[in-house]
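One structure below.
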Amino acid sequence: ETIESVFTGSYFSDFVIDATEFDITFTSDFSVTYWGYRFDADPRPCASMYNSGNVEFSGTSVQTIESTHPYCDNMDLTQTYIFYDAPSTGLYITFDSSSSLEQGKDFLTISYTDSEGETISAAFTGTDWAAFIVEASQFTLTFTSDGSTTDYGYSITVDPSPCGAFSHDSGDVFDTMNAQVIESPHNYCDNLNVSQTYSWTDSAVASINLVFDDNCYVESYYDSFVISYTNTAGSSVSYSYSGYGFPSELTIDGTEFDLTFTSDYSVNYWGYKFTATPSTTASTGSVVMKSKDVQKKSASAHNGAMKMASVFKKWKNGVVKKSVKKSQ
């Protein structure tokens, strides 16, 4: 890919060239001249890692962020990576198995601010790396090394695709009484097999009320949404939904529930979204289904897409082809 940076007037800024050579083109018109330009080109092994600031990405392609290999002594790097098209479910970050820093002396820290304004950070050193989810569209990377002994460095893969973080999300633990919005990507993706557990640790919590968005819809029969939990009496309770038959409300008798969502290899829809609100009021568990008017509206909105999906699904399974042969 050819990368080009254009400057005019006094709008010049530092940047990194990810190559060993570059071309300069300079043009001037027939009148009026100024001081011109001058810049320093630093070819040192770790020169690009001294470039602190913002790095911005558009689109949902997987990106690799890495140090030089090996890195240098006395590094002090801070960069913020912004993914403008990241989904609401966040970014999925993994580390190459070669990643290694001087144990206890050199550190990589990744931090971000979540939807509640809390700063979340994870620090790494040595070879102790673990994949994790950034619940935001941007994060700040800080890398420091001391004055001696270096290692391979780090190589990070960031997946900002619609289902990248979602497909690896195992749920969450909440220590507040705040309502939480839990949702799939819209639309969700094929071949999902998501298992999540959500729990509330506040001792005052006696039940959890789930209120579902009217847009909830997953492919009928083929894609499945399941909520299950163990109630205060010790019994297992499970609710399964497909198509547009989601409830309006669901009250859970307890402080924790499991969510399982699966989709097959083709055809996807809006997905699901609900607000989970902890309550201090005990409940025996209850379900409030949508009114018939809401169900009709939801069915009407998806009816055309359902017909097309049905034809596509049959074609994939060979049913339409057999019908055509019979008619001939």
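What to note about this one:
- For region 77-121, the set of residues classified as hydrophobic (A, V, I, L, M, F, W, C) and in contact with a Pro (Cβ under 9 Å, 6 or more places away or on another chain) consists of F83, A86, L91, listed by residue number.
- Subset of region 241-266 [over 21 Å from the mean Cα position of the chain (by Cα), crowded, with 17+ Cβ neighbours inside 10 Å and not polar (S, T, N, Q)]: Y241, G243, Y244, G245, F246, P247, L250, I252, D253, G254, F257
- Residue match in region 157-170 (condition: surrounded by fewer than 18 Cβ atoms within 10 Å (Cβ to Cβ) and modelled with pLDDT under 95): yes
- Taken across region 231-239, residues that are touching a residue at least 60 places away in the same chain (Cβ under 8 Å) and either β-branched (V, I, T) or open to solvent by less than 30 Å² (accessible area, probe 1.4 Å) (or both) do not occur at all.
- Residues of region 130-165 that turn out to be out of contact with any Leu (no Cβ under 9 Å at 6 or more places or on another chain) and aromatic (F, W, Y), as a count: 1
- Among the residues of this structure, D14 does not count as one that is among the charged types (D, E, K, R), free of Cβ contacts under 8 Å to residues at least 60 places away in the same chain and exposed (fewer than 10 other Cβ atoms within 10 Å of the Cβ).
- Counting only residues that are in a loop (DSSP other than H, G, I, E, B) and either of a type in the set (F, W, Y) or within 23 Å of N191 (Cβ to Cβ) (or both), region 246-259 holds 1 of them.
- Residues located in region 52-96, provided they are at pLDDT 90 or above and of a type in the set (V, I, T): T60, V62, T64, I65, T78, T80, I82, I93, T94
- Whether a residue is surrounded by fewer than 19 Cβ atoms within 10 Å (Cβ to Cβ) and within 16 Å of S195 (Cα to Cα) was assessed, and Y272 does not pass this test.
- Selection count, region 223-239, where residues are more than 18 Å from H186 (Cβ to Cβ) and under 25 Å from the mean Cα position of the chain (by Cα): 3
- Checking each residue in region 185-209 for being under 29 Å from S263 (Cβ atoms), of a type in the set (V, I, T) and either assigned to a loop (DSSP other than H, G, I, E, B) or open to solvent by less than 30 Å² (accessible area, probe 1.4 Å) (or both) picks out V194, I208.
- Residue match in region 159-175 (condition: outside any strand (DSSP E or B), small (G, A, S), over 21 Å from the mean Cα position of the chain (by Cα) and farther than 21 Å from K290 by Cβ): no
- Matching residues in region 114-131 - criterion: being modelled with pLDDT of 90 or more and open to solvent by less than 40 Å² (accessible area, probe 1.4 Å): A122, F124, T125, G126
- The single condition among (1) open to solvent by 10 Å² or more (accessible area, probe 1.4 Å); (2) hydroxyl-bearing (S, T, Y); (3) not in a strand (DSSP E or B) that Y71 does not meet is (1).
- Scanning region 132-156 for residues that are in a strand (DSSP E or B), of a type in the set (S, T, N, Q) and open to solvent by less than 30 Å² (accessible area, probe 1.4 Å) turns up just one, S155.
- Options F39, F26, F7: the member that is at pLDDT 85 or above, hydrophobic (A, V, I, L, M, F, W, C) and either in contact with a strand residue (DSSP E or B) (Cβ under 9 Å, 6 or more places away or on another chain) or open to solvent by less than 80 Å² (accessible area, probe 1.4 Å) (or both): F7
- Top-ranked residue in region 81-113 [being in a strand (DSSP E or B) and more than 19 Å from T144 (Cα to Cα); ranked as most open to solvent (accessible area, probe 1.4 Å)]: T113
- Matching residues in region 104-126 - criterion: being free of Cβ contacts under 8 Å to residues at least 24 places away in the same chain and over 22 Å from the mean Cα position of the chain (by Cα): G104
- Number of residues in region 260-285 that are part of a strand (DSSP E or B), among the polar types (S, T, N, Q) and closer than 13 Å to S224 by Cα: the value is 2.
The values are calculated or read from the model by the stated rules, or taken from the named source; none is laboratory data. This one's a predicted model, so the numbers in the text were calculated from it and none came from an experiment. Don't worry about glycine lacking a Cβ; one is built from the backbone with ideal geometry, like all the others, and counts go over all protein chains shown. Only protein heavy atoms, including side chains, enter the accessible area calculation; ligands, DNA and RNA are left aside. Shrake-Rupley method; radii C 1.70, N 1.55, O 1.52, S 1.80 Å.
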